[in-house]
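First comes the structure, then the notes that go with it.
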Amino acid sequence: MNITKYRHLSLALASSLALAGCFGEEEDNSGSAVSRADLPDVAVSRLGQSVWPPISLDQDLPFASVGTTPFAENNMIVLDMSGSMGEPDCSGDYANRSEAAKQALFAWLSANPGDNVGLVSFSKGNIELNSPLGRGESHSTNVVNSIKSLEPKDGTPLLSAMTIARDELEKQAARQGGLGAYRMIVITDGEASRGQNPAPLVREIADNPSNMIELHTIGFCIGGNHALNDPGRVFYTSATSPEDLRAGLDATQGEANSFDASTISFEELSQ
Amino acid sequence: MFRTFILAANAALLASVTPAFSQDTPVRDCRADTEVTLPMVPTGHDAIVAHATDDLMGPSIIDRFSKTETGDAFDVATRGFESYEAQLPAYLACETPFMRVTHAQMSLLADQTQAQNSTRMIPVFFYGWSNGADAVIGRGVASLQALSGSAILTDSARLDLALQLASDASQSPEIRVVDDPAAAFSQPGAAPFAIVSTPRGEVLTAGDVGTGAEGSVNGAREIITTTSANRVNGDLLVVRSDFFEQSPEKVRATVRTLLKAEELFREDAKKQIVDFTRTAELVLGDPALEDDMRDLWSGVETVGLAGQIEWATPTAARSFRALVNAGQTRMVEAGLIDQAIPLAGPELDYTSLGDDIWDKRRVQTSSFDQDAATAAIQAMSNEEITGNTIAEVTILFEPNQAAFPLAIYRKEFEEALQKSKVYAGGVLSIEAHASYLGYLRGVLKQGWEPPRQKREIASLRNTSTARALAVRDALISTSNELGFTIDESQITINGRGIEDPLGGFCNDLPCPPKTEQEWRESRRVVFRVIGMESEAEVFTPLNDW
């Protein structure tokens with residue numbers, strides 16, 4: 001079998017070069033991803049070898065078999081309201097990144113009333129779980145009001161905030177037996193505080209084939225060598241085109257409807 | 001009013017199973033004044049009869065209830081036998097008009113008992129099922145998959161289990177009926193599987209894997225027990241045709257007494273007032289075997305009045321008629337009998353015989369902790385799931401299909417329901433798989449990045465789980481339509497997505513289907529009966545009533 005496991009090298013290099021000039025990153029904040037050559041396809045063979053979410057995570061939570069909505073889609077928003085989000089560059093037609101982020105979120109929230117939504121934010125030095133996952137009009141109103149109230153100020157504890165979001169998603173995954181969808185949507189410019197580089201968490205989630213959390217970044221000119229703009233691990237959407245977010249969240253293909261004799265050999269599929 | 005004989009069976013009469021059943025023994029007619037003598041063999045169920053003779057605290061259960069419907073009391077004796085086979089001469093000579101047998105034994109005995117009208121067997125009472133008392137031992141094998149095309153040793157008392165396992169193997173194994181399967185299994189070059197009593201199995205396997213020391217067999221291990229296959233080996237009581245014709249009122253009264261004895265035994269066992277020392281003396285011939293007697297009792301399950309009625313209803317899934325018919329079909333296939341043999345079924349009206357039963361229902365509670373069972377299966381590797389599979393049924397479907405109409409899948413659903421009944425102590429996992437061809441095209445032709453790949457994997461798992469849920473609902477509808485009662489706690493849902501491809505893996509990705517047929521077969525739902533005997537937390541306690 002001639003399988004190309006590391007197919008991303010040329011694409012990734014081109015991507016890095018194109019994005020590198022947009023935003024200067026300090027070495028410590030870069031959250032630099034590993035080189036593309038280290039990113040294999042998802043090892044499907046390992047799916048059955050580990051259990052996600054961890055069974056011991058929350059033993060008293062019911063499994064999907066007794067849950068009412070085992071296929072619910074869950075979106076945990078991590079909203080960066082650090083000081084750098086008050087900057088005007090990379091915010092398109094908006095006054096600053098903070099405003100661009102809020103408008104992108106409002107548009108997205110209004111279009112997705114059926115999904116579970118939660119919010120973690122950091123602003124003015126506080127990391128807060130503003131809303132655990134939930135749905136319904138009242139819940140959405142609370143999320144929107146929380147977002148409105150946030151002001152860009154102080155540091156960027158990205159890793160801590162994303163860890164809270166990960167925990168919320170895994171609790172919900174335990175309730176749903178790992179079924180449904182789990183998305184962590186990080187709205188940020190990527191400038192993490194010292195010690196808050198999210199790269200380890202990104203790798204932990206993305207490199208475990210059984211971990212079904214999708215990582216999404218709505219970014220403000222985040223460089224291509226940043227962990228949150230790593231096409232091998234993260235779905236990246238520019239904050240200046242928030243309408244792309246919904247499309248990016250939805251795409252799946254399903255089962256093949258036909259058996260095409262021209263693609264029956266692995267060698268041919270690999271070309 | 002009752003008398004008990006503990007007879008050491010004549011060694012010559014214990015010579016062998018099938019040979020013992022085929023030896024020439026004198027036949028004598030029963031008379032109307034023939035004494036009612038209940039035979040006992042060394043099984044857990046016979047603790048009930050032994051306890052029913054206990055008169056230490058007052059009149060025994062037998063004394064209190066052995067009366068005809070017109071109020072005439074009659075004597076009931078009991079007689080212990082060292083084995084099922086040892087009863088035959090006494091039965092044919094009408095020393096005991098009753099005989100304890102299993103369903104398969106009835107067919108094996110037919111050439112002796114059905115040769116003359118007087119000794120024809122009429123089943124009158126169903127004691128219940130083996131539930132842990134019997135074990136399948138394998139040497140140098142780890143799962144039942146290896147039974148296919150292989151060979152298995154059994155005695156006649158456990159033949160029903162051998163026949164069931166043979167029918168569930170992809171290729172029928174040879175069934176060798178021998179006197180002492182444990183002894184035969186210990187011989188060099190013996191068959192790799194044997195069915196023995198669970199205590200004998202523990203000796204052969206040294207409690208884990210046999211080493212060859214202290215009676216164990218090197219490499220022997222327990223494969224499954226009747227804890228999983230808990231609707232296979234059943235104990236029943238038959239009566240001679242001539243006695244039944246001459247004394248139907250005594251037969252009815254005896255059955256009524258046994259029904260009451262079962263109920264009272266359960267109550268006394270709960271109150272811990274059953275004298276197991278005395279029971280061991282009567283059933284096993286040695287009061288010192290009290291602990292063995294307790295173990296035997298814990299390895300069986302009685303069925304109550306409702307179970308008696310179900311057993312006597314020909315259309316029920318595990319009725320006398322269903323068991324005998326299926327067993328005989330397999331016995332013919334295995335060359336154990338030449339052709340099917342007509343056997344009478346239960347003829348009594350059990351509902352009317354249960355007047356004295358305090359609780360006529362059999363309370364059905366969930367047998368499994370469904371969440372724990374689901375978690376345990378999800379934690380298994382593909383190899384572990386295969387290794388623990390006792391039986392399976394597969395159905396195929398079209399791409400992205402979500403509905404499973406009964407008209408198309410009825411046969412498979414019925415087969416799966418039957419297996420869930422046979423292996424009622426195993427979990428019925430509805431395992432759904434999705435096709436991976438589209439995934440492979442996306443990864444290898446369209447260049448999906450890993451995040452897109454994971455999303456598709458999750459989506460296909462959701463699709464397969466939704467499919468498994470739809471199949472479960474259809475299965476339950478089918479069971480209702482067929483009049484089956486199904487323990488829904490026995491069913492677990494397992495959406496596997498693309499993680500167990502038919503063709504295995506090629507460098508961590510599913511190997512692409514080589515043919516259109518393989519592609520079609522990759523979209524499959526497998527009903528899999530999985531033995532969970534090592535997962536104690538999966539079981540809820542047996543029913544109490």
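Every residue in the range A:150-168 that is at pLDDT 95 or above and of a type in the set (Ser, Thr, Tyr), please.
A:Ser160, A:Thr163
So that you can scan it fast, the table gives a plain yes or no per residue for (1) on the phi < 0 side of the Ramachandran plot; (2) in a loop (DSSP other than H, G, I, E, B); (3) modelled with pLDDT under 85; (4) surrounded by fewer than 16 Cβ atoms within 10 Å (Cβ to Cβ):
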| position | (1), (2), (3), (4) |
| --- | --- |
| B:Val27 | yes, yes, no, no |
| B:Ala32 | yes, yes, yes, yes |
| B:Thr37 | yes, no, no, no |
| B:Val49 | yes, no, no, no |
| B:Asp54 | yes, yes, no, no |
| B:Arg64 | yes, no, no, no |
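Which count do you get for residues in the range B:443-459 that are at pLDDT below 90 and touching a Phe, Trp or Tyr at 6+ places or on another chain (Cβ under 9 Å)?
Qualifying residue count for the region: 1.
Can you say whether B:Glu333 is buried (at least 22 other Cβ atoms within 10 Å of the Cβ) and of a type in the set (D, E, K, R), as far as the supplied structure shows?
So B:Glu333 does not fit the description; no.
Being buried (at least 23 other Cβ atoms within 10 Å of the Cβ), outside any loop (DSSP other than H, G, I, E, B) and charged (D, E, K, R) narrows it down to one of A:Glu214, A:Glu170, so name that one.
Just a single option satisfies the conditions, and that option is A:Glu214.
Taking the condition of being of a type outside the set (A, V, I, L, M, F, W, C), within 26 Å of the chain's Cα centre (by Cα) and outside any helix (DSSP H, G or I), how many residues in the range B:273-309 meet it?
Summing the residues that are of a type outside the set (A, V, I, L, M, F, W, C), within 26 Å of the chain's Cα centre (by Cα) and outside any helix (DSSP H, G or I) in the range B:273-309 gives 3.
Does B:Ile498 qualify as being more than 9 Å from chain A (Cβ to nearest Cβ), of a type in the set (A, V, I, L, M) and crowded, with 23+ Cβ neighbours inside 10 Å?
Here the answer is no, as B:Ile498 does not meet what is asked.
Give B:Val217, B:Val209 a once-over and let me know the one that is hydrophobic (A, V, I, L, M, F, W, C), surrounded by fewer than 18 Cβ atoms within 10 Å (Cβ to Cβ) and more than 23 Å from the chain's Cα centre (by Cα).
B:Val209
Do the conditions hold for B:Ser479, that is, is it modelled with pLDDT under 90, within 13 Å of chain A (Cβ to nearest Cβ) and within 21 Å of B:Ser429 (Cα to Cα)?
no
Can you pull out the residues in the range B:269-278 that are modelled with pLDDT under 90 and closer than 15 Å to B:His45 by Cα?
B:Ala269
Given the conditions (1) under 30 Å from B:Ala146 (Cα atoms); (2) assigned to a helix (DSSP H, G or I), which single one is not true for B:Leu258?
Against the list (1) under 30 Å from B:Ala146 (Cα atoms); (2) assigned to a helix (DSSP H, G or I), B:Leu258 comes up short only on (1).
Looking at B:Ala194, is it buried (at least 20 other Cβ atoms within 10 Å of the Cβ) and modelled with pLDDT of 95 or more?
yes
What residue, of B:Ile137, B:Ile122, B:Ile152, is outside any loop (DSSP other than H, G, I, E, B), β-branched (Val, Ile, Thr), more than 18 Å from B:Thr226 (Cα to Cα) and at pLDDT 95 or above?
The unique qualifying residue is B:Ile122.
I need a count of the residues in the range B:392-428 that are closer than 28 Å to B:Glu516 by Cβ and within 14 Å of chain A (Cβ to nearest Cβ).
Number satisfying all stated conditions: 7.
With the requirement that a residue be away from chain B (no Cβ under 11 Å) and in contact with a Lys or Arg (Cβ under 9 Å, 6 or more places away or on another chain), what does the range A:202-220 give you?
The answer is A:Arg203, A:Glu204, A:Phe220.
Scan the range B:507-536 residue by residue and report those that are among the hydrophobic types (A, V, I, L, M, F, W, C), at the interface with another protein chain (Cβ under 7 Å from one of its Cβ atoms) and touching a Phe, Trp or Tyr at 6+ places or on another chain (Cβ under 6 Å).
B:Trp519, the sole residue that qualifies.
Please go through the range A:217-242 and give me each residue that is assigned to a strand (DSSP E or B), surrounded by fewer than 24 Cβ atoms within 10 Å (Cβ to Cβ) and in contact with a Ser or Thr (Cβ under 9 Å, 6 or more places away or on another chain), ordered by number.
A:Phe235, A:Tyr236, A:Thr237
Which of the residues that make up the range B:431-456 are surrounded by fewer than 22 Cβ atoms within 10 Å (Cβ to Cβ) and either of a type in the set (A, V, I, L, M, F, W, C) or more than 7 Å from every other protein chain (Cβ to nearest Cβ) (or both)?
B:Leu444, B:Gln446, B:Trp448, B:Arg452
Cβ contacts < 7 Å: first residue more than 9 Å from every other protein chain (Cβ to nearest Cβ) and closer than 15 Å to B:Val526 by Cβ, restricted to the range B:373-385; second residue crowded, with 18+ Cβ neighbours inside 10 Å and of a type in the set (S, T, N, Q), any location; separation 6+ or different chain. Result?
Every condition considered, the pairs that remain are B:Ile377/B:Ser429; B:Ile377/B:Thr492; B:Ile377/B:Asn494.
For B:Glu521, indicate whether it is touching a residue at least 24 places away in the same chain (Cβ under 8 Å) and either of a type in the set (D, E, K, R) or part of a loop (DSSP other than H, G, I, E, B) (or both).
So B:Glu521 passes the test.
Condition test on B:Gln328, is it over 21 Å from the mean Cα position of the chain (by Cα), modelled with pLDDT of 85 or more and farther than 29 Å from B:Ala432 by Cβ?
no
Scanning for something of a type in the set (Lys, Arg) and either part of a helix (DSSP H, G or I) or surrounded by fewer than 24 Cβ atoms within 10 Å (Cβ to Cβ) (or both), does the range B:169-176 turn up at least one residue?
yes
Yes/no matrix, rows are residues, columns are (1) modelled with pLDDT of 80 or more; (2) under 14 Å from B:Arg452 (Cα atoms):
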| residue | (1), (2) |
| --- | --- |
| A:Gly195 | yes, no |
| A:Cys221 | no, no |
| A:Val234 | yes, yes |
| A:Gly248 | no, yes |
| A:Ala251 | no, yes |
| A:Gly254 | no, yes |
| A:Ser258 | no, no |
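Take the range B:463-506 and flag every residue that is among the acidic types (Asp, Glu) and farther than 29 Å from B:Leu440 by Cβ.
Those that are among the acidic types (Asp, Glu) and farther than 29 Å from B:Leu440 by Cβ: B:Asp473, B:Glu481, B:Asp487, B:Glu488.
Just to be sure, is A:Ser110 away from every other protein chain (no Cβ under 14 Å) and at pLDDT 90 or above?
no
Could you pull out the residue among A:Ile185, A:Ile127, A:Ile147 that is part of a helix (DSSP H, G or I) and of a type outside the set (D, E, K, R)?
Of A:Ile185, A:Ile127, A:Ile147, the one residue that is part of a helix (DSSP H, G or I) and of a type outside the set (D, E, K, R) is A:Ile147.
The values are calculated or read from the model by the stated rules, or taken from the named source; none is laboratory data. Small disclaimer: the values here were computed from a predicted structure and weren't measured. Neighbour counts run over all protein chains shown; Cβ positions are idealised from the backbone, glycine included.
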